[in-house]
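What follows draws every value from the coordinates through simple rules; no lab data is involved. On a predicted model such as this, the values are computed, not experimentally measured, just so you know. Virtual Cβ from ideal backbone geometry, glycine too; neighbours counted across all protein chains shown.
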Amino acid sequence: MHCPFCQHTDTRVIDSRVSEDGATIRRRRGCEACGERFSTLETIELKLPVIVKSDGGREAFDARKLRVGFDRALQKRPVSEERIEAAVRAVVHQLRMSGEREVASIRVGEFVMDELRKLDHVAYVRFASVYRSFEDVADFRDEIEKLERDHPAGESQLSLLDAGAARRGRKAPR
């Protein structure tokens, strides 16, 4: 590794530490020539599949776009950064494990919806409404009822229809 200060080619590792998630190694290095110290991050480089868009176009997978999608769906929702990062990592892991060179964007969207369903039901419905192009209130109702069937009321998130109606002071639609 070249020294970023003097460009000397001989640097030595002083200390190495594995990150909390185990995905990177932080190395503290020292330059033999100028004595300066600097840090490097070592990560595994695995080629992720190319994303095939609905119009047939292809583009390299971009984790930043994935994170933006999660952030939009989870805007103003009580979900920690750690849980969001874990969900992003889970989607990236699913893509890596697919073993495919190309993955349809619709499949990536399904991976995202699976993770959002675990994180926050409101964020899930937000994302699904855009992703599946909901046309009217009936589409929202159908998705919410499906979500409630899959996640009984005794679980951590409240009944979406009943909770929303209660906040507005009326009965839930049936």
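Hey, what did region 44-108 get for relative contact order, percent, Cα under 8 Å, at least 6 apart? Please report the intermediate quantities before stating the final value.
Working: 53 pairs, mean separation 33.7, N = 65.
So the answer I get is 52 percent.
Taking 0.36 nm per residue of separation and subtracting the Cα-Cα distance, what length does fully extending C34 through S105 add?
Numbers: separation 71, 0.36 × 71 = 25.56 nm, distance 4.91 nm.
Taking 0.36 nm per residue and subtracting the Cα distance, the gain is 20.7 nm.
Using modelled amide H (1.01 Å from N, peptide plane; none on Pro or chain starts), what sits under 5 Å from the amide H of E36, excluding residues fewer than 5 places away?
Amide H to amide H, under 5 Å and 5 or more residues apart or across chains, E36 pairs with C31.
I want the local charge near P49. Using Cβ-Cβ distances under 15 Å, sum +1 for each Lys or Arg and -1 for each Asp or Glu among the other residues. All intermediate terms of the calculation are to be shown ahead of the outcome.
Values: positive: K47, K53, R58, K65, R96, R101, R107; negative: E45, E59, D62, E100, E102, E110.
Residues near P49 contribute +1 overall.
Could you check the spin-label model distance between D15 and A63? Points 7 Å from the Cα along Cα→Cβ, value in nm.
Reported label-point gap for D15 and A63 is 2.4 nm.
Counting helices only, and only those DSSP H runs with n ≥ 4, report the 222 nm mean residue ellipticity of the chain as the sum of -39,500 (n - 2.57) divided by its residues, in deg cm²/dmol to the nearest 500. Each step should come with its number before you reach the end.
Details: 6 runs with 78 residues, N = 174.
Estimated from H runs of four or more residues: -14000 deg cm²/dmol.
Can you list the lysines whose alpha carbon is less than 20 Å from that of K76, not counting same-chain residues fewer than 8 positions off?
Here the lysines satisfying the reach criterion relative to K76 are K65, K118.
Among [x] -0.53, -1.02, -1.71; [y] -0.48, -0.86, -1.33; [z] -0.73, -1.02, -1.29, only one was calculated for this model; which label is it, if the read-out is log10 I(q)/I(0) by the Debye sum over Cα atoms at q = 0.12, 0.16, 0.20 Å⁻¹?
Checked against the structure: label [z].
Report the full-extension gain for the segment S129 to E145: residue separation times 0.36 nm, less the Cα-Cα distance, to one decimal in nm.
Working: separation 16, 0.36 × 16 = 5.76 nm, distance 1.39 nm.
Gain on stretching S129 to E145: 4.4 nm.
Using 0.36 nm times the number of residues separating A86 and S98, minus their current alpha carbon distance, what extension gain do you get? Spell out each step's value before the answer.
Details: separation 12, 0.36 × 12 = 4.32 nm, distance 1.82 nm.
Contour length minus the Cα-Cα distance gives 2.5 nm.
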